[in-house]
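Down below is the structure, laid out as structure tokens.
FYI, it's all coordinate maths here, none of it is from the lab. Bear in mind that the values here come from a model prediction, so they are computed numbers and not experimental data. Cβ sites come from the backbone with ideal geometry, for glycine too, and all protein chains shown count toward neighbours.
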Amino acid sequence: MQTLKAVVVVLTLLATTIGATAAQLLQPLTVDWPQYFRIDSESSVRDGRAVVTGKVWNTTIWGAKRIRLLVDAVDAGGQVIDQRIIWLGVDLAPGTHAAFEVPMPASPGYRVSVFAFDSGRGGRWSWRPGRLG
């Protein structure tokens, strides 16, 4: 009987922990990312599947590397119902842009943000007169 109680307690704690972890939404790691990037995106249906496409612009005077995007699928009330993180796939020199495409589940709306990136401030990726990248 003691063992049964211990198993029930452990399973209850495990279920609570899993539920709490699953309910946590991802947020951009750099909260002020809009100061550094501009994102234009739109959704469409291709081959019967929702796709979010767009472009990301680096609006800074330094390069950005290892850029990850967070794509939220939202319901009609703006609540997040699904999330995806994707790699942009290219580094962005100052003033440049790159396109992205993300398959997503069907949803009334989508939001795209920069989840994380590494900056080149002060390094070889920094802008210098007469040199980009």
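From zero up to wherever the largest Cα-Cα distance of region 26-119 sits, split into 5 Å bins and tell me the percent of pairs in each.
With a bin width of 5 Å, the distribution comes to 3, 14, 26, 24, 17, 10, 5, 1, 0.
With unit charges on the beta carbon (Lys/Arg positive, Asp/Glu negative), name the residue among T60, L88, F100 whose Cα is farthest towards the positive pole of the charge dipole of region 52-112.
Positive-end residue among those listed: T60.
What nm value, rounded to one decimal, do you get for the distance between D118 and T30 when each label is placed 7 Å out toward the C-beta?
Placing both labels 7 Å along Cα→Cβ, they lie 1.3 nm apart.
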